[in-house]
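Contents: one structure, followed by commentary.
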Amino acid sequence: MFKRKRLRIANHDLPFQMVLVAFGIVTFFPLVLVVITSLKSNTQFYHNFWLPELPFQFGNYSSAFRIIWRYIVNSVLYSGSTICLIACIASVAGYVFARFHFPFKTALFLGFITLIMVPGVLTLAPRFVLVRDLGLVNTPGALISVWVSGGLVLSTWLMRSYFESLPQELFDAAYVDGAAERQVFFYVSVPLARPMIATVAMTTLISSWNDLIWPLVTITDKDKMPLAMGLMQFSSDFETDWGTLFAGYVISSIPLLCVFAVAMRQFISGLTSGSIKA
Amino acid sequence: MLRRLATSPSVGASKRESQSRLPIRVWRAKWLYVALLIPVAMLLIFEWLPAFSALYNSLYIWNGGKVHFYVGLEHYERMLSDRTFRVAITNLLGFVFFRVIMQTALPFFAAEMIINLRSARWSYWWKIIFVFPMVVPTILNYLIWRFIYNPQVGLLNEGLKLIGLDDYTHAWLGDPNTVMWALAFVRFPWLPTLQFLIILGGLQTIPQEVHESAAIDGAGFWRRLFYIDIPMTKRQITLAMILTMLFMTQRFDLFLVMTDGGPGYSSMVPALQLYQSAFHFLEFGYASAIGVVLFVAMLALTIINLRVSAGATSN
């Protein structure tokens with residue numbers, strides 16, 4: 001734990017700290033109000049807008065959870081499989097691009113990174129027709145296939161640059177010890193690339209978790225909706241039941257909150273590396 | 001054997017390799033192609049194919065199914081005379097202009113406050129605190145702000161009543177005159193995470209000595225801000241601005257969730273019009289044409305972005 005002494009505010013910092021505290025209050029105020037409201041019944045809410053009021057309505061949480069859990073599970077499954085697939089495919093592809101010379105390598109790699117220039121809006125409509133013709137509409141495949149291929153562009157590039165940055169001596173040592181290429185990949189390269197794999201996983205998690213438009217056009221069944229889309233459905237189903245609505249909002253923020261708490265550094269690096277493909 | 005990349009450009013082997021004939025070299029690398037088969041196939045099917053389909057079908061009238069005939073550049077001409085599209089472009093330009101200023105000034109302000117702190121530990125915690133709203137799913141940002149603007153029980157109207165400004169309460173999203181302003185302020189006090197991290201990163205790389213010597217020369221807060229901090233983070237500021245432009249041009253979930261372009265089409269933007277043309281009116285050709293126009297605009301921005309970001313995110 002931190003020693004309390006360390007967090008004392010120096011005189012020089014005081015004016016800046018005051019501005020920051022004000023800024024922090026404004027930032028968190030809407031969130032706090034959402035939490036407060038999530039513990040009220042509608043009568044309490046209309047009677048007293050601002051302050052928490054007893055008794056707390058924990059029942060809001062259980063009724064919201066009965067609806068929301070389904071969407072959370074779906075999102076975990078969809079984003080989880082997307083992350084696994086991207087991590088596997090991108091590390092192999094990145095490794096091949098980083099460590100070997102072969103004919104058409106440059107052309108193939110250009111085929112990857114040129115796509116960074118292609119925005120999602122351009123491909124949205126034709127991609128929907130394609131996925132529909134493949135019979136994937138209203139299946140998890142519609143989401144996962146498109147999220148994986150979209151994420152591969154950036155991930156392969158990131159993995160390639162990471163593998164290129166590893167010192168040649170490491171590989172030489174493994175080859176001298178008689179390791180086959182497959183072993184070098186699994187026992188040397190992948191363990192070393194763990195930080196970059198974590199970054200790739202986070203980038204993928206954040207973008208797939210928050211994607212609203214693509215599920216909106218491809219998924220129709222309530223049971224199959226991922227969280228972002230499910231929340232939209234939820235908010236229209238519970239339009240005026242404020243307590244339950246906001247309890248649902250709080251519940252649905254918990255998964256990313258946990259990831260953030262456990263892996264803050266990777267979360268932030270995943271965020272920044274996603275900026276290259278905006 | 002597979003040919004490995006050596007850090008030292010070893011001559012002998014590679015020269016002999018490159019002299020052997022292409023089919024032989026392709027055959028030797030066959031396992032590498034197998035390894036790349038899945039990603040290449042996926043990108044061809046789900047990325048390249050739709051991209052070319054968009055370019056191609058922007059010249060056709062197409063309902064996404066059987067109806068499909070050539071009309072040349074008619075969709076592009078239609079855009080010029082389409083009133084909705086004109087409103088959409090005007091809205092987008094105003095919106096982007098406002099957001100770029102807000103999404104740069106706000107994080108710069110917060111970052112400037114943070115780097116002025118002497119305590120490294122506090123700087124770290126403030127950074128975490130301001131990144132925190134990122135864990136709220138994007139859609140919830142919009143839903144929460146929809147609540148803030150709610151005409152009956154919204155936070156904004158209740159706040160106005162609380163300080164006695166009952167006359168100013170308003171249906172913020174329901175009035176064509178206020179809707180774009182309301183949308184421009186969505187997420188307002190929350191920092192755009194990415195832009196904040198980029199600018200903060202830039203400010204933190206300014207060497208301590210520069211600030212110290214400025215202090216010795218008697219430069220106060222404002223002089224330092226205008227003569228050191230802003231000039232020295234020009235790259236990061238530019239990057240933050242371009243990123244905001246790119247996000248705002250292509251992302252329309254904000255508009256879709258908050259107003260769906262309404263009332264009327266007073267909060268329409270091109271990307272939302274693309275979505276509606278395709279999925280409400282089944283005009284996939286017209287939607288593709290709008291996509292192509294947006295693509296060209298964003299291509300220019302992306303090229304600048306790649307140039308700038310090469311330097312600015314490395315810290």
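Any chance you could tell me what percent of the C-alpha pair distances in the protein assembly as shown go past 46 Å?
Numbers: 36552 of 175528 pairs.
Distances greater than 46 Å cover 21 percent of the Cα pairs.
Apply the membrane-span-like helix rule to chain B: whole DSSP H runs, Cα extent along the own long axis of at least 30 Å, mean Kyte-Doolittle hydropathy at least -1.0. List the helices found.
Values: long enough: B:83-115 (48 Å, 1.26); B:284-312 (39 Å, 1.76).
Span-like helices here: B:83-115, B:284-312.
For a quick check, take a GNM of chain B with Cα springs below 10 Å and name the residue from B:Leu80, B:Leu155, B:Leu93 with the largest mean-square fluctuation.
Greatest mean-square fluctuation among the candidates belongs to B:Leu80.
On full extension of the chain, what length is gained from A:Val26 through A:Val262, given 0.36 nm per residue of separation minus the C-alpha to C-alpha distance?
Values: separation 236, 0.36 × 236 = 84.96 nm, distance 2.58 nm.
In short, 82.4 nm is gained.
What residues qualify as long-range amide H neighbours of B:Tyr60, i.e. H under 5 Å apart, gap of 5 or more or another chain, H built at 1.01 Å from N?
Placed amide hydrogens put B:Val71 under 5 Å from B:Tyr60.
Projecting each Cα onto the charge dipole of the protein assembly as shown (Lys/Arg +1, Asp/Glu -1 at the beta carbon, about the Cα centre), which of B:Phe147, B:Trp222, B:Tyr286 comes out farthest on the positive side?
Of B:Phe147, B:Trp222, B:Tyr286, it is B:Trp222.
How many angstrom lie between the Cα centre of the range A:199-278 and the Cα centre of the range A:110-157?
Each part's Cα centre sits 19 Å from the other's.
Helix A:120-133 versus the longest principal axis of chain A: what is the Cα-based angle in degrees, 0 to 90, to the nearest 10?
80
Can you give the log10 of the normalised intensity I(q)/I(0) at q = 0.11, 0.16, 0.21 Å⁻¹, computed with Debye over equal Cα scatterers of the range A:1-157?
-0.86, -0.99, -1.27
Count charges around B:Gly65 for me, please; just the other residues with Cβ under 14 Å from its Cβ, Lys/Arg as +1, Asp/Glu as -1. Let's see the in-between values first.
Values: positive: A:Arg132, B:Lys66; negative: A:Asp133, B:Glu283.
In short, 0.
Which peptide among A:188-196, A:11-19, A:225-233 comes first, and what is the full order, when sorted by highest mean count of other Cβ atoms within 10 Å? Please report the intermediate quantities before stating the final value.
On the way: A:188-196: 16.8, A:11-19: 13.9, A:225-233: 23.3.
Highest-to-lowest ranking by the protection proxy: A:225-233, A:188-196, A:11-19.
What aspartates and glutamates sit close enough to A:Lys222 to cross-link, taking a C-alpha to C-alpha distance under 14 Å and skipping anything fewer than 8 places away on the same chain?
In chain and number order, the partners are A:Asp237.
Over chain B, what portion of Cα pair distances is larger than 38 Å, expressed as a whole percent?
Numbers: 18664 of 49455 pairs.
Across chain B, Cα pairs with separations above 38 Å total 38 percent.
Report the net charge of residues surrounding A:Val19, where surrounding means a beta-carbon distance below 11 angstrom and charges are Lys +1, Arg +1, Asp -1, Glu -1. Could you put the intermediate results ahead of the total?
Values: positive: none; negative: A:Asp13, B:Glu112.
Once all neighbours under 11 Å are counted, the net charge is -2.
For A:Phe100, list long-range residues whose amide hydrogen, built 1.01 Å from N in the peptide plane, is under 5 Å from its own amide hydrogen.
Long-range HN contacts for A:Phe100: B:Leu5.
When N counts the residues of the range B:79-129, how does its alpha-carbon radius of gyration compare numerically with 2.2 N^0.38 Å, as a ratio?
Details: Rg = 18.9 Å, N = 51, 2.2 N^0.38 = 9.8 Å.
Expressed relative to 2.2 N^0.38 Å, the Cα Rg reads 1.93.
Mind checking which aspartates and glutamates have their Cα closer than 17 Å to the Cα of B:Lys66? Skip sequence neighbours fewer than 8 apart in that chain.
Of all the aspartates and glutamates, those that pass the test against B:Lys66 - Cα under 17 Å, at least 8 places apart if same chain - are A:Asp133, B:Glu283.
State, as an integer percentage, the relative contact order of the range A:68-271 based on alpha-carbon contacts under 8 Å between residues 6 or more apart. Please report the intermediate quantities before stating the final value.
Details: 173 pairs, mean separation 72.8, N = 204.
Rounded, it is 36 percent for the range A:68-271.
Let me have the relative contact order for chain B, percent, based on Cα pairs under 8 Å that are six or more residues apart. Could you put the intermediate results ahead of the total?
Working: 308 pairs, mean separation 83.5, N = 315.
Averaging sequence separation for qualifying contacts and normalising by length gives 27 percent for chain B.
Where the only charges are on Cβ atoms (+1 Lys, Arg; -1 Asp, Glu), what is the dipole of chain A about its Cα centre, to the nearest 20 debye?
Numbers: 19 positive and 14 negative charges, 115 e Å.
Taking the Cα centre of chain A as origin, the dipole is about 560 debye.
Through the Karplus equation 6.51 cos²θ - 1.76 cosθ + 1.60, θ set to phi - 60°, convert the phi angles of the range A:254-264 into ³J(HN,Hα) values in whole Hz; use x for Gly and Pro.
5, x, 5, 4, 4, 4, 4, 5, 7, 10, 4
Hey, what does the equivalent ellipsoid look like for the range A:211-278, semi-axes from the Cα gyration tensor as sqrt of 5 times each eigenvalue, largest first, whole Å?
Values: eigenvalues 139, 65, 18 Å².
After diagonalising the Cα gyration tensor, the semi-axes are 26, 18, 9 Å.
None of the figures in this text is laboratory data; all of them are computed from the coordinates on show. All of these numbers come straight from a predicted model, not from anything done at the bench. Every residue, glycine as well, gets a Cβ built from its backbone with ideal geometry; the counts of neighbours run over all protein chains shown.
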